[in-house]
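Structure record follows, encoded as structure tokens.
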Amino acid sequence: QVQLVESGGGLVQAGGSLRLSCVASGLIFRFKVMGWYRQPPGKQRELVAEISSGGVSTNYADSVKGRFTISRDNAKNTVYLQMNSLKAEDTGVYYCAAGRGSNWSAGYGYWGQGTQVTVSS
């Protein structure tokens, strides 16, 4: 079955950096769009960043543009989220997501268990 395993979360001071990783198995990774979502405390899950199957196209939430970078290594079945200049409002559980297909319109059908990111101010 499909498994998405995130790692790299933790506690960091405001202004610091973290790099999240997500290793995928049970799917043909190179054919899937991939994304990172987050759920702040008491709020709904929101899209942070997403990347096309070939890694050429990316989309970011306005709140993270210029600070976060999504990338992928199709040879390693891994997607990354480099987070710089972290703010307290970046705190939340971060989830890796795999698309149902290679197009954005198909949506996301597979989710990891999440990794906690806490930014202290």
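The values are calculated or read from the model by the stated rules, or taken from the named source; none is laboratory data. This one's a predicted model, so the numbers in the text were calculated from it and none came from an experiment. Cβ sites come from the backbone with ideal geometry, for glycine too, and all protein chains shown count toward neighbours. With ligands, DNA and RNA removed, areas are computed over all heavy atoms of the protein, side chains included. Shrake-Rupley method; radii C 1.70, N 1.55, O 1.52, S 1.80 Å.
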field: Filtered residues of segment 20-78 (kept if in contact with a Gly (Cβ under 6 Å, 6 or more places away or on another chain), in a loop (DSSP other than H, G, I, E, B) and either among the small types (Gly, Ala, Ser) or surrounded by fewer than 20 Cβ atoms within 10 Å (Cβ to Cβ) (or both))
entry: PRO40
task: Output yes when any residue across segment 20-40 is free of Cβ contacts under 8 Å to residues at least 12 places away in the same chain and among the charged types (D, E, K, R), and no when none is.
output: no
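From the residues in segment 92-103 that are farther than 15 Å from LEU4 by Cα and open to solvent by less than 60 Å² (accessible area, probe 1.4 Å), which one is modelled with the lowest pLDDT? Give the steps one after another, and end with the answer.
To start, the set of residues in segment 92-103 that are farther than 15 Å from LEU4 by Cα comprises 92, 101-103.
So of that shortlist, the ones also open to solvent by less than 60 Å² (accessible area, probe 1.4 Å) come out as 92, 101.
Working: GLY92: 98, GLY101: 87.
It comes out as GLY101.
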- request: Return the pairs, sorted by first residue and then second, in which the second residue is open to solvent by 30 Å² or more (accessible area, probe 1.4 Å) and among the β-branched types (Val, Ile, Thr), the first residue lies in segment 106-121 and is outside any strand (DSSP E or B), the beta carbons are less than 7 Å apart, and the residues are 6+ apart or on different chains.
  value: GLY112/VAL5; GLY114/VAL93
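Open to solvent by 50 Å² or more (accessible area, probe 1.4 Å), more than 10 Å from the chain's Cα centre (by Cα) and touching a residue at least 60 places away in the same chain (Cβ under 8 Å): does that describe ASN84?
Working: open to solvent by 50 Å² or more (accessible area, probe 1.4 Å): yes; more than 10 Å from the chain's Cα centre (by Cα): yes; touching a residue at least 60 places away in the same chain (Cβ under 8 Å): yes.
When the stated conditions are applied, ASN84 passes them.
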query: Looking at (1) surrounded by fewer than 12 Cβ atoms within 10 Å (Cβ to Cβ); (2) touching a strand residue (DSSP E or B) at 6+ places or on another chain (Cβ under 7 Å); (3) over 22 Å from PRO40 (Cα atoms), which is the only condition ALA106 fails?
result: (1)
- prompt: Which one is farthest from ALA106 (Cα to Cα), of the residues in segment 79-91 that are of a type in the set (A, V, I, L, M) and not in a strand (DSSP E or B)?
  reply: ALA88
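Filter segment 8-18 for residues that are assigned to a strand (DSSP E or B) and surrounded by 14 or more Cβ atoms within 10 Å (Cβ to Cβ); which is nearest to the chain's Cα centre (by Cα)?
Going through segment 8-18, the residues assigned to a strand (DSSP E or B) turn out to be 10-13, 18.
Right, trim to surrounded by 14 or more Cβ atoms within 10 Å (Cβ to Cβ) and you get 12, 18.
Details: VAL12: 17, LEU18: 12 Å.
Filtering segment 8-18 for residues that are assigned to a strand (DSSP E or B) and surrounded by 14 or more Cβ atoms within 10 Å (Cβ to Cβ), the one nearest to the chain's Cα centre (by Cα) comes out as LEU18.
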